[in-house]
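Here is the structure we will look at, set down as structure tokens.
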Amino acid sequence: MADCIGILTAGGDSPGLNAAIRGVGKAAMNAYGIRVIGFRDGFRGLMENRTIMLDSAALSGILTIGGTILGTSRDKPHKMPIGTKTMDMTEVMLETYNKHHLDALVCLGGGGTQKNAYWLMQNGMNIITLPKTIDNDVAMTDVTFGFDTALNIATEAIDRLHSTAHSHHRIIVVEVMGHNAGWLALGAGIAGGADVILIPEIPYDITKVADSILKRSRGGKHFSIVAVSEGAMSLEVARMKQELEDRVANSEDKKDKKRSKQELVILETERAQSTHFLTQKLEELTGLESRVTILGHVQRGGIPSPADRLLATRLGTACAHYIQQGTFGVMVAARGDGAEAVPLEEVVNKRNTVPLDHAWVTAARDLGTSLGD
Ligand code: F6P
């Protein structure tokens, strides 16, 4: 029987986090009389013992609010930035956990948070997690909360860009979040009727992208919308990245390993600029005036969609039941209409990327949308 639990939100914020906090908290209090303590700013708040009592007053009125009332950070327990150093602060976090006599710690987050939570589990805490991220790339769950809201925002943006692209006979390249997975660009691209969709899972050939735009132009459509994931890359960059990653993983020469790591960092920095480069190149290759729109953090902000509120509430309330049963070391995954406890070791070090034969990919191809390959 649990008496008191802790809860924290870590990684990038995501619409639906407050709905999930509310779901866990209300179900834990109402059904089982469990007290709930919130830790501020992710794992840093656990280290610094910065808390907020999540009683019914604190949980009231937060369902529709974006972001997280607890605050968040990307700090990791075993690599915590302290001044100019990075230190392993796991023991300090364990002290906080024990000081509050916690029966469990609930960690709400994406792939990185699942890993950090697993680490704390291996170090003796009763851990239970929920999957959130607008990228929808957490493994072993049908979907993550935050994704639906971001999908709505990105789709609306593409809808709006259509009329201006059409009026000016321009190419508009719209960059959608998603560093390693293309769910958001693909989903919003299809829903918004983008003419080209570029995602990290399918490296693109820029001449093929330009050809598809020119074909539209010859057919009398002198504008095009290109939806691109922030992590999309050309065939050349994908090849370079793969080579460097292989060298980092396999090289027996320490200097070569180090150099490859540094080159990977440079490549990642250049990738951050790649949408601007892509836009400029498309203008050169097609002769059509081109503009770029980076949607950025707008996609993570504001009120969660009803679907995200429902999902977060479903997973949050299920989480309280698992805690009462003593089911720990798991992520509460969305499975069909219900929830399922998946062991954390099956979740960590995996990523839910877009399968190349996914129905969305097939549908886009059937529509004649260019995926750049
Ligand atoms: O949390 C996921 C995400 O929104 C990614 O899509 C994006 O690449 C990243 O976070 C941005 O992180 P930050 O807000 O730390 O700049």
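The values are calculated or read from the model by the stated rules, or taken from the named source; none is laboratory data. On a predicted model such as this, the values are computed, not experimentally measured, just so you know. Ideal geometry is used to build each Cβ from the backbone, glycine not excepted, and the neighbour counts take in all protein chains shown.
Structure notes:
- Cross-chain or 6+ apart pairs with Cβ under 6 Å, segment 287-307 first and at positive phi and touching a residue at least 12 places away in the same chain (Cβ under 8 Å), then more than 12 Å from the ligand (Cβ to nearest atom) and assigned to a loop (DSSP other than H, G, I, E, B): GLY302/GLY66
- Filter pass, GLU268 being among the acidic types (Asp, Glu), within 16 Å of the ligand (Cβ to nearest atom), surrounded by fewer than 16 Cβ atoms within 10 Å (Cβ to Cβ) and within 24 Å of the chain's Cα centre (by Cα): yes
- So GLY61, is it part of a loop (DSSP other than H, G, I, E, B), assigned by TED's automatic domain parsing to the domain that holds ALA318 and surrounded by 19 or more Cβ atoms within 10 Å (Cβ to Cβ): no
- Flag for SER229 being closer than 27 Å to THR149 by Cα, in contact with a helix residue (DSSP H, G or I) (Cβ under 7 Å, 6 or more places away or on another chain) and not assigned by TED's automatic domain parsing to the domain that holds THR68: yes
- Across segment 1-59, the qualifying residues are those that are within 16 Å of the ligand (Cβ to nearest atom) and in contact with a Pro (Cβ under 7 Å, 6 or more places away or on another chain), and the one among them that is nearest to VAL92 (Cα to Cα) is PHE43.
- Within segment 74-83, considering residues that are buried (at least 19 other Cβ atoms within 10 Å of the Cβ) and part of a loop (DSSP other than H, G, I, E, B), the one farthest from the ligand (Cβ to nearest atom): PRO77
- Test: residue in segment 140-154 that is over 18 Å from PRO304 (Cβ atoms), touching a strand residue (DSSP E or B) at 6+ places or on another chain (Cβ under 9 Å), assigned by TED's automatic domain parsing to the domain that holds ALA333 and in contact (Cβ under 8 Å) with a residue 12 or more places away in the chain: yes
- Against the test of being within 23 Å of the chain's Cα centre (by Cα), more than 22 Å from VAL143 (Cα to Cα) and among the basic types (Lys, Arg), the options LYS26, LYS79 yield a single qualifying residue, LYS79.
- Filtering segment 271-305 to residues that are part of a helix (DSSP H, G or I), more than 17 Å from the chain's Cα centre (by Cα) and loosely packed, with under 13 Cβ neighbours inside 10 Å leaves only GLU284.
- Just one of (1) part of a loop (DSSP other than H, G, I, E, B); (2) buried (at least 24 other Cβ atoms within 10 Å of the Cβ); (3) out of contact with any Leu (no Cβ under 9 Å at 6 or more places or on another chain) fails for THR149. It is (1).
- Any hit, segment 116-135, residues being within 23 Å of GLY372 (Cβ to Cβ), crowded, with 24+ Cβ neighbours inside 10 Å and assigned by TED's automatic domain parsing to the domain that holds THR72: yes
- Within segment 173-212, the set of residues being of a type in the set (Val, Ile, Thr) and either within 16 Å of the ligand (Cβ to nearest atom) or crowded, with 24+ Cβ neighbours inside 10 Å (or both) comprises VAL173, VAL174, VAL176, VAL196, ILE197, ILE199, VAL209.
- Filter pass, ASP103 being touching a residue at least 40 places away in the same chain (Cβ under 8 Å), charged (D, E, K, R) and farther than 26 Å from GLY182 by Cβ: yes
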